[in-house]
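In what follows, a single structure is set out as C-alpha cells and then discussed.
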Amino acid sequence: MTSTLVTSIGELTTWEPDRPVRHDAAIVFDQGAVVWVGDAADVPPADLRIDAAGRAAVPGFVDSHSHLIFAGDRADEFEARMAGQKYEAGGIRRTVRLTREADDATLLANARAIVDEMRRQGTTTVEIKSGYGLTVHDEQRALRLARELTPETTFLGAHVVPVEFADDPDGYVDLVTGEMLDACAPFAHWIDVFCDAGAFTVEQSRRILEAGAARGLGLRLHAGQLGESGGVQLAVELDAASVDHGTFLSDADVDALAGSQTVATLLPGVEFSTRQPYPSGRRLLDAGATVALATDCNPGSSFTSSIPFCIALAVREMGMTPREALHAATVGGARALRRDDVGHLRVGATGGLALLDAPSASHLAYRPGVPLVRQVVG
Ligand code: NIG
Ligand code: FE
C-alpha cells in the first residue's frame with residue numbers, strides 16, 4: 001500500500017481537541033492510518049495526491065447499529081404503517097422465516113451489497129447484529145457471515161421469541177444463555193437484547209446480558225423503542241457500551257445516561273419509518289449524555305443505509321445542530337463501540353475520511369437527500 005495525500009481541503013473536521021475543524025488543510029494516510037495533518041501550504045511528499053479543490057472532508061462515519069444478515073423485505077408493512085398501522089416487534093418473525101430459508105451465499109451477498117451502499121455514503125465502520133436466525137445453527141451462521149464484513153459483530157439471539165417457543169419464552173432464554181451463546185460467542189464481539197413490549201422483559205434481558213458478559217462479550221441493548229421499559233437503566237447499571245433507540249426516555253433515564261459511560265444511540269430512521277415521535281437529542285446533550293447516531297438498517301423498522309439521512313433527521317427533528325449531529329455520527333458511534341481509532345482524523349486514526357461535494361459539513365443536513373459523498377479515502 002502507498003501513502004495518499006489529500007490537500008486543499010476547504011474544511012477538514014478532525015475532532016482534534018484544540019482544533020476540531022481546520023481550513024485550507026491537508027492530510028496524509030499510510031497503510032490506511034492518518035500519519036500527518038496540517039496546512040495545505042505545508043504538505044509532505046506522498047505517493048498519491050488528491051486535490052480536494054476546497055471541498056469539505058469529515059471522518060468516515062461510524063454506524064454502530066445495523067441488522068444486515070437477512071433475506072426479503074417488508075415493504076408491505078411500511079405501506080400499512082404509512083396508512084396508519086402501528087409498528088410491532090412481531091414482524092421480525094417474518095424476516096426470520098425468510099432468513100432461515102436462504103443460503104449462505106444469498107445472505108452474504110445481500111449484506112455485502114448494503115455495506116457497499118453504506119460506504120458510498122461515507123460509512124467506514126459498521127456494526128452488524130444477528131437476530132433473524134433464532135436457532136443455534138442460524139444465529140451462529142449469521143455471525144459467521146457478519147464476521148466476513150466487520151469485526152464489530154453482535155449476538156442478538158434475543159431479538160424476539162421465535163414461534164417454536166411461543167408458549168415457553170423462558171425456555172428460549174435458557175437456550176439463548178446456554179447452547180446458543182456457546183455456539184455464537186466465538187464469532188461475536190458484543191451481545192444485545194431487544195428489551196421492549198413484545199420482545200424481552202428487563203429481568204430476561206438482565207439474565208442474557210450477564211451470561212454474555214460472563215463469556216467476555218461487550219454489552220449493548222435495544223430499549224425504549226416502544227415505551228419506557230426500564231431497559232435504559234439496566235444498560236447503565238451493567239455499564240453497557242450503548243443503549244439504542246431511546247424513543248421513549250424518562251427523566252430518570254436521561255439522568256442515568258448523563259452520569260454514565262453508556263452512549264445513547266439514537267436511530268432517527270426508525271421514527272421516520274414507523275411514524276413514531278422523534279426523541280430529543282437536545283435533551284440528552286443538554287443533560288451531558290454522549291449521543292450517537294446510527295441507521296439501525298433492517299428490513300422492518302428502518303431500511304436506510306444512509307448516515308447522511310440520519311444526520312439530516314437529527315438536525316431537523318431532534319434539536320441537534322449540524323456539528324452535533326456530525327459528532328454523534330463519528331465520535332459518538334466510535335464511543336458506542338468503545339473504539340478510539342475511528343470517528344476522528346487525528347494522527348493514528350484508521351477510519352478514513354469522506355470527501356464531500358460541498359464546502360462545509362453542514363451541507364449534510366442543509367442538502368438532505370443529495371448524494372454528497374464524493375469519495376472515501378483511507
Ligand atoms: O432495532 N427493535 C428491534 N429490532 C429492530 C427491528 C427489526 C425488525 O423489525 O425486523 C430495530 O428496530
Ligand atoms: Fe436494531
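The values are calculated or read from the model by the stated rules, or taken from the named source; none is laboratory data. Because the structure is predicted, anything quoted here is derived from the model rather than measured. Note that each Cβ is placed from the backbone with ideal geometry, even for glycine, and that neighbours are counted across all protein chains shown. These accessible areas exclude ligands, DNA and RNA; they are computed on the full protein's heavy atoms, side chains included. Shrake-Rupley method; radii C 1.70, N 1.55, O 1.52, S 1.80 Å.
Listed here are the residues, each with its yes/no results for (1) small (G, A, S); (2) free of Cβ contacts under 8 Å to residues at least 60 places away in the same chain.
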site: E237; (1), (2): no, yes
site: D244; (1), (2): no, no
site: A252; (1), (2): yes, yes
site: A264; (1), (2): yes, yes
site: P268; (1), (2): no, yes
site: V291; (1), (2): no, yes
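When you look at E164, is it open to solvent by 10 Å² or more (accessible area, probe 1.4 Å) and either in contact with a strand residue (DSSP E or B) (Cβ under 8 Å, 6 or more places away or on another chain) or charged (D, E, K, R) (or both), yes or no? Yes; evaluated as a whole, the condition is true for this residue. Residues of the stretch 103-122 that are open to solvent by 50 Å² or more (accessible area, probe 1.4 Å) and of a type in the set (A, V, I, L, M): A105, A109, A113.
Can you name every residue in the stretch 1-38 that is under 23 Å from G343 (Cβ atoms) and among the charged types (D, E, K, R)?
Those that are under 23 Å from G343 (Cβ atoms) and among the charged types (D, E, K, R): E11, E16, D18, R19, R22, D30.
Taking the stretch 243-362 as the region of interest, the helices (runs of 4 or more DSSP H) fully inside it that hold 3 or more residues being under 19 Å from F61 (Cβ atoms), within 16 Å of ligand 2 (Cβ to nearest atom) and open to solvent by less than 10 Å² (accessible area, probe 1.4 Å) are 268-274. The residue list T125, T95 contains one member that is more than 16 Å from ligand 1 (Cβ to nearest atom) and either buried (at least 21 other Cβ atoms within 10 Å of the Cβ) or in contact (Cβ under 8 Å) with a residue 40 or more places away in the chain (or both), which is T125.
If the condition is being assigned to a strand (DSSP E or B), more than 16 Å from ligand 2 (Cβ to nearest atom) and either buried (at least 19 other Cβ atoms within 10 Å of the Cβ) or basic (K, R) (or both), then the stretch 51-67 contributes A56, A57, V58, P59, F61. Cβ separations smaller than 6 Å between residues 6+ apart or across chains give the following pairs from the stretch 178-194 residues that are more than 12 Å from A158 (Cβ to Cβ) and at pLDDT 95 or above to residues that are of a type in the set (F, W, Y) and within 16 Å of ligand 1 (Cβ to nearest atom): A188/F155. Need pairs with beta-carbon distance below 6 Å; first residue within 20 Å of R335 (Cβ to Cβ) and within the stretch 208-235, second among the acidic types (D, E); sequence gap 6+ or separate chains. Taking only residues 6 or more apart or on different chains, the pairs are R220/D192; H222/D244; V232/D253. The residue list F70, F78 contains one member that is touching a residue at least 12 places away in the same chain (Cβ under 8 Å), within 22 Å of D116 (Cβ to Cβ) and either within 15 Å of ligand 2 (Cβ to nearest atom) or of a type in the set (F, W, Y) (or both), which is F70.
Please verify whether the stretch 131-149 includes one or more residues that are away from ligand 1 (no atom under 15 Å from the Cβ), among the hydroxyl-bearing types (S, T, Y) and open to solvent by 10 Å² or more (accessible area, probe 1.4 Å). Yes - at least one qualifying residue is present in the stretch 131-149.
Filter the stretch 189-231 down to the residues that are open to solvent by less than 10 Å² (accessible area, probe 1.4 Å) and either in a helix (DSSP H, G or I) or more than 26 Å from Q276 (Cβ to Cβ) (or both) and list them by number. S205, I208, L209, G212, G231 - these are the residues of the stretch 189-231 that are open to solvent by less than 10 Å² (accessible area, probe 1.4 Å) and either in a helix (DSSP H, G or I) or more than 26 Å from Q276 (Cβ to Cβ) (or both).
Please specify each residue of the stretch 68-77 satisfying the condition of being surrounded by fewer than 18 Cβ atoms within 10 Å (Cβ to Cβ) and within 12 Å of ligand 1 (Cβ to nearest atom).
Matches in the stretch 68-77: G72, D73.
Condition first: within 26 Å of the chain's Cα centre (by Cα) and crowded, with 22+ Cβ neighbours inside 10 Å. Can you find one or more residues in the stretch 32-42 that meet it? Within the stretch 32-42 (the criterion being within 26 Å of the chain's Cα centre (by Cα) and crowded, with 22+ Cβ neighbours inside 10 Å), the answer is yes, since at least one residue qualifies.
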